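Beneath this line is the structure, given in structure tokens, with notes to follow.
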Amino acid sequence: MFGILVPVLLFSLVNTSVLYREALKAADTAYDRTLLATAKSIGDLLEVTTEGDRPHLKSTVLYSALEAFEADNRSRLYYRVTGFDGETVSGFEGLAPWRGKLPLKGPYAALVDFYDDQYHGTPVRVAVLLQPVTWATGQGMATIQVAETLELRETLARQLLVATAWRQAALLLIIAGLVIFVVQRATRPVGELSRSLRSRAEGDLAPLDGSPVPRELQPLVAATNHLMGRLKHLLDHQKRFVRDASHQLRTPLAVLKVQVQSAQRGDVDPAQALLEIGDTVERATLLANQMLALAKVEQIRQHSDAPAVDWADIVRAVALDLSALIVEHHLDFDIETQPAPVRAHEWALRELSRNLIHNAIKHGRDGGRLAIRLLADSRHAALTVSDSGSGLTADQRSRLFQPFSAGLGQASVRSGSGLGLAICHEIVASLGGQIELDNRVSHGTVEGVDATVRLPLAPAR
């Protein structure tokens, strides 16, 4: 509101000053005409007498004759008539002689000039008329000066200033009233939205109702609802993570406690007890790491400034890291990659590739085949990891990507946390891709599972 009223106030002050100056200029022009008429009336009464060869200018003007030109009793007129040789013919000697020059293009056809001066310390406005005078044997130029005090002009100027100031003040008040009314009316929906948000219960992130909001505020409501939706998603994910962590970690910790108590009582051999405790700790560590990875995927989802990395380099590096596990299971390993630049964080691609390959190794048949293919076309990069396991059942397919559900085969129930494929699904979703797991069937027999991930290629620079 002040951003509107302050410029309007400044403009009103400047406009008042300009109008005041224009009004003074108009008043000076009007009163200058009166001074010029007075000077002309004095010039019409000039006479020339000759004594010998020298002409003498004579003025028979009485001061009472000038009273007709005085606007009122607040101003006074003074005049002076100067002869051909600069002598004073009549008038007031205290009026200083004219020493100026005629303007090149004046407002009047007569030889006249106007200027400001003082008469006995009183400011006056003076009109100077050069009056040609002719007689029988020659011609000359008389100088007529008529001065007027400024009381009437100053009174008129004050009246103009007051009238202008009142009009500008009234205009400013009208504008201020309109601005206040319009601003309050325009911001009323914002106030209602603020009160609605303040009155909400803690944790209420439901979308705002934008129907009563003006069209100009619809983008704000839409952006707020979008932000609240993101916050709701983050809060739901955090609640789910805390709930799952408390539930899933309770089981291995309880098992670990029982194993420690059993070892302390001597129920099992110490070496066997340490082996069982180590296995439990390893599975609990894997579970914690996978849960942290799942949480990290959600954090990466919120950042869209991922760099472009070559997926092929990451797949080969992960396969090299898992080479010992491949050898342990005596797998017939085959890998083929093509350059596949995708826009993603390196950690996400590494975690995705590791989970897929590790899942294929764990659920494949010992001595079987493990094939990795990374191919790229003009738009997408496709990673296919093929194992030689027993395949997917209908029940497993229905809950394939659900957290803490068994993955592939019955062994996963005992040795897996059920988070690997859930992590893969979340990573692929955050990268705008697709993931599919299908049984590979040959002659009616399931030979294994093909896990395929398609990600969009990074745009070429």
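Inspect the stretch 420-432 for any residue being over 24 Å from A312 (Cα atoms), modelled with pLDDT under 85 and among the aliphatic types (A, V, I, L, M) and give the result as yes or no.
Looking for residues that are over 24 Å from A312 (Cα atoms), modelled with pLDDT under 85 and among the aliphatic types (A, V, I, L, M), one finds none in the stretch 420-432, hence no.
Among residues belonging to the stretch 345-370 that are in contact with a Gly (Cβ under 9 Å, 6 or more places away or on another chain) and of a type in the set (G, A, S), point out the one that is modelled with the lowest pLDDT.
Filtering the stretch 345-370 for residues that are in contact with a Gly (Cβ under 9 Å, 6 or more places away or on another chain) and of a type in the set (G, A, S), the one modelled with the lowest pLDDT comes out as G364.
State the number of residues belonging to the stretch 129-166 that are touching a Ser or Thr at 6+ places or on another chain (Cβ under 9 Å), of a type outside the set (S, T, N, Q) and more than 30 Å from V81 (Cβ to Cβ).
2
Looking at T88, T122, T143, which is the one that is farther than 19 Å from G43 by Cα and in the same structural domain as L45 (by TED's automatic domain parsing)?
T122
How many residues does the stretch 361-396 hold that are farther than 29 Å from V342 by Cα and of a type in the set (S, T, N, Q)?
The total comes to 3.
Is it fair to say Q118 is assigned to a strand (DSSP E or B) and either crowded, with 17+ Cβ neighbours inside 10 Å or not small (G, A, S) (or both)?
Answer is yes for this residue.
Applying the selection to the stretch 305-363, what residues are assigned to a helix (DSSP H, G or I) and β-branched (V, I, T)?
Within the stretch 305-363, I314, V315, V318, I326, V327, I357, I361 qualify.
Would you mention how many residues in the stretch 177-199 are surrounded by 11 or more Cβ atoms within 10 Å (Cβ to Cβ) and farther than 20 Å from Q218 by Cα?
Count: 3.
Can you name every residue in the stretch 62-87 that is surrounded by fewer than 18 Cβ atoms within 10 Å (Cβ to Cβ) and either modelled with pLDDT of 85 or more or among the charged types (D, E, K, R) (or both)?
E67, E70, D72, R74, R76, D85, E87 - these are the residues of the stretch 62-87 that are surrounded by fewer than 18 Cβ atoms within 10 Å (Cβ to Cβ) and either modelled with pLDDT of 85 or more or among the charged types (D, E, K, R) (or both).
Taking T155 as the residue in question, decide whether it is more than 30 Å from L208 (Cα to Cα), in contact with a strand residue (DSSP E or B) (Cβ under 7 Å, 6 or more places away or on another chain) and polar (S, T, N, Q).
Against the criterion (more than 30 Å from L208 (Cα to Cα), in contact with a strand residue (DSSP E or B) (Cβ under 7 Å, 6 or more places away or on another chain) and polar (S, T, N, Q)), T155 does not qualify.
Identify all residues within the stretch 265-303 that are at pLDDT 70 or above and of a type in the set (K, R); write none if there are none.
R265, R283, K296
Which is at negative phi, under 60 Å from the mean Cα position of the chain (by Cα) and not in a helix (DSSP H, G or I), of R167, R185, R158, R125?
R125
Here is a check on your reading of the model: is A186 at pLDDT below 85, closer than 30 Å to A284 by Cα and aliphatic (A, V, I, L, M)?
no
Going residue by residue through the stretch 129-150, is there one that turns out to be under 60 Å from the mean Cα position of the chain (by Cα) and touching a residue at least 24 places away in the same chain (Cβ under 8 Å)?
Checked against the condition, which is being under 60 Å from the mean Cα position of the chain (by Cα) and touching a residue at least 24 places away in the same chain (Cβ under 8 Å), the stretch 129-150 yields at least one hit.
Output yes when any residue across the stretch 10-20 is among the hydrophobic types (A, V, I, L, M, F, W, C), farther than 30 Å from L173 by Cβ and buried (at least 16 other Cβ atoms within 10 Å of the Cβ), and no when none is.
no
May I ask you to say which residue of A157, A169 is modelled with pLDDT under 80 and either among the hydrophobic types (A, V, I, L, M, F, W, C) or not assigned by TED's automatic domain parsing to the domain that holds R76 (or both)?
A157
Looking at P103, is it touching a strand residue (DSSP E or B) at 6+ places or on another chain (Cβ under 7 Å), assigned to a strand (DSSP E or B) and within 16 Å of L36 (Cα to Cα)? Quick ask: steps written out before the conclusion?
Details: touching a strand residue (DSSP E or B) at 6+ places or on another chain (Cβ under 7 Å): yes; assigned to a strand (DSSP E or B): no; within 16 Å of L36 (Cα to Cα): yes.
No.
Of L287, L349, L274, L322, which residue is surrounded by 13 or more Cβ atoms within 10 Å (Cβ to Cβ), of a type outside the set (S, T, Y) and touching a Phe, Trp or Tyr at 6+ places or on another chain (Cβ under 8 Å)?
Details: L287 fails: touching a Phe, Trp or Tyr at 6+ places or on another chain (Cβ under 8 Å); L274 fails: touching a Phe, Trp or Tyr at 6+ places or on another chain (Cβ under 8 Å); L322 fails: touching a Phe, Trp or Tyr at 6+ places or on another chain (Cβ under 8 Å).
Answer to the check: L349.
The values are calculated or read from the model by the stated rules, or taken from the named source; none is laboratory data. Predicted model, so just to flag it, every value in this text is computed and none were measured. Cβ atoms come from the backbone with ideal geometry, glycine included; neighbour counts cover every protein chain shown.
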